[in-house]
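The values are calculated or read from the model by the stated rules, or taken from the named source; none is laboratory data. These figures come from a predicted structure and were not determined experimentally. For neighbour counting, all protein chains shown are included, and Cβ atoms are generated from backbone atoms with ideal geometry for every residue, glycine included. Just so you know, the surface numbers come from the protein's heavy atoms only, side chains and all, with ligands and any DNA or RNA stripped out. Shrake-Rupley method; radii C 1.70, N 1.55, O 1.52, S 1.80 Å.
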Amino acid sequence: MIWTVERLGRKGDGVAVSGAQRALAALVLPGEVIEGEVQDGRIASPRIVTPSVDRVRPACPHYRTCGGCSLMHGSDAFVKEWKAGVVAEALRAQGLAAPIAGVHVSPPHSRRRAVLSGRRTKKGALLGFHARASDVIVDVADCPVLRPAIQAALPLLRRLVVAGASRSGELSLTVTETPAGLDVAVTGGKPMEPALFQTLAALADQGDLARFCWDGQAITRRPPALAMGRARVVPPPGAFLQATAEGEAALLAAVRGMVGNAGRVLDLFAGCGTFSLP
């Protein structure tokens with residue numbers, strides 16, 4: 001069946017049309033002609049018949065199966081314009097006109113925070129991200145998005161999954177790079193018992209983790225403090241953080257430009273203090 005991609009939704013899936021029918025399709029771009037069968041409202045494996053001029057070769061060997069990234073097949077220029085449009089449209093829906101001052105693109109290997117999924121297997125462990133629209137974990141050996149320190153820790157994280165995951169459960173591992181080392185927070189694991197504690201503590205030592213938290217129980221070797229202006233902040237385990245330091249710096253510069261010399265500033269979404277403390 002032949003489809004034409006009309007536009008992208010806010011999560012990056014294409015809205016494809018064929019006559020009166022509509023369906024969602026991943027890994028496509030607006031204007032492309034694709035071929036594929038629809039099931040439950042999705043075209044699972046679209047074949048590109050006529051590619052967009054904005055289509056590029058993804059930089060990741062896992063991209064077609066991994067759901068961690070959604071638009072690596074689009075050029076930087078296209079993605080910037082699409083992202084700005086998503087923000088502007090969301091605000092327009094609330095009656096707010098908002099000119100976009102600029103869009104920052106972070107470089108490869110710059111993501112300092114990632115939420116990985118892990119599952120124990122007969123031969124070891126799967127560690128990576130869910131496939132698109134699926135609970136299947138795609139095992140990731142190399143990721144062009146993650147910071148080198150997180151990339152280097154993947155073998156250790158697999159050992160943590162083997163040690164602490166039940167055969168039927170799935171772990172969520174939030175990994176953050178800090179100046180003191182990696183901060184790892186795991187949820188969904190086995191209950192913490194003395195033998196498991198000893199194993200996990202030994203692995204945290206071997207990986208030189210700054211802090212390791214297992215379902216709320218923390219082993220802190222060094223406080224994973226982050227610089228926010230002149231302040232040093234130790235965020236709660238698994239706390240939200242801007243994904244890249246480069247992106248955070250761009251956002252902070254924009255906020256400083258808006259605030260100017262104001263004597264008082266009200267931060268209505270303070271989080272850990274990313275903007276209010278500087």
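For the pair ARG55 and ALA227, label points projected 7 Å from Cα toward Cβ lie 4.5 nm apart.
When only the Cβ of Lys, Arg, Asp and Glu is charged (+1, +1, -1, -1), the dipole of the chain relative to its Cα centre reaches about 420 debye. With protein chains left intact and a 1.4 Å probe, residues in the range 113-220 average 44 Å² of accessible area per residue. Using the Cβ-Cβ distance between ALA239 and SER166 with R0 set to 35 Å, the FRET efficiency works out to roughly 0.85. Residues PHE129, PHE197, PHE240, ordered by accessible area of protein heavy atoms at a 1.4 angstrom probe radius and largest first, appear as PHE240, PHE197, PHE129.
Toward the positive end of the charge dipole of the chain, with +1 on the Cβ of Lys and Arg and -1 on the Cβ of Asp and Glu, the farthest Cα among ILE219, VAL17, ALA101 is that of ILE219. Given R0 = 35 Å, the distance between the Cβ atoms of VAL17 and ARG92 translates into a calculated FRET efficiency of 0.95. Residues in the range 18-25 carry Karplus couplings, in order, of 8, x, 8, 8, 10, 7, 9, 9 Hz; the curve used is 6.51 cos²θ - 1.76 cosθ + 1.60 with θ = phi - 60°, and Gly or Pro positions show x. Atom-type composition of the exposed protein surface of the range 192-278 places 57 percent of the accessible area on carbon and sulfur (1.4 angstrom probe). Here the spin labels are modelled as points 7 Å beyond Cα on the Cα-Cβ line, and at LEU251 and ASP135 they lie 3.1 nm apart.
In the range 2-91, taking the dipole from charged Cβ atoms about the Cα centre, the farthest positive-side position among ILE34, ALA44, CYS66 is held by CYS66.
Here's the list of aspartates and glutamates a cross-link from LYS122 could span, going by alpha-carbon distance under 15 Å and ignoring same-chain residues fewer than 8 apart: ASP139, GLU170. Phi angles of the range 189-205 translate, via the Karplus equation with coefficients 6.51, -1.76, 1.60 and θ = phi - 60°, into HN-Hα couplings of x, 4, x, 6, 10, x, 5, 5, 4, 4, 5, 5, 5, 5, 5, 4, 5 Hz per residue; Gly and Pro are given as x.
Net charge in the neighbourhood of ALA250 (other residues with Cβ under 15 Å of its Cβ; Lys, Arg +1, Asp, Glu -1) is +2.
Take the Cβ-Cβ distance between GLN198 and LYS123 as r, set R0 to 22 Å, and report the resulting FRET efficiency rounded to the nearest 0.05. With a Förster radius of 22 Å, E is 0.35. Measuring max minus min along each principal axis, the C-alpha atoms of the range 1-73 give extents of 35, 26, 21 Å (largest first).
Averaging Cα coordinates gives a centre for the range 12-33 and one for the range 165-226; these two points are 42 Å apart. Amide H contacts of CYS213: VAL184, ALA185, VAL186, ILE219, each under 5 Å away and 5 or more positions distant or on a separate chain (H built 1.01 Å from N in the peptide plane; Pro and chain starts excluded). Using a/c under 1.5 as the rounded threshold, could you call the range 113-220 rounded, prolate or oblate? The axes a ≥ b ≥ c are square roots of the C-alpha gyration tensor eigenvalues, and prolate needs a/b larger than b/c, oblate otherwise. Oblate shape, in that a/c is at least 1.5 and b/c is the bigger or equal ratio.
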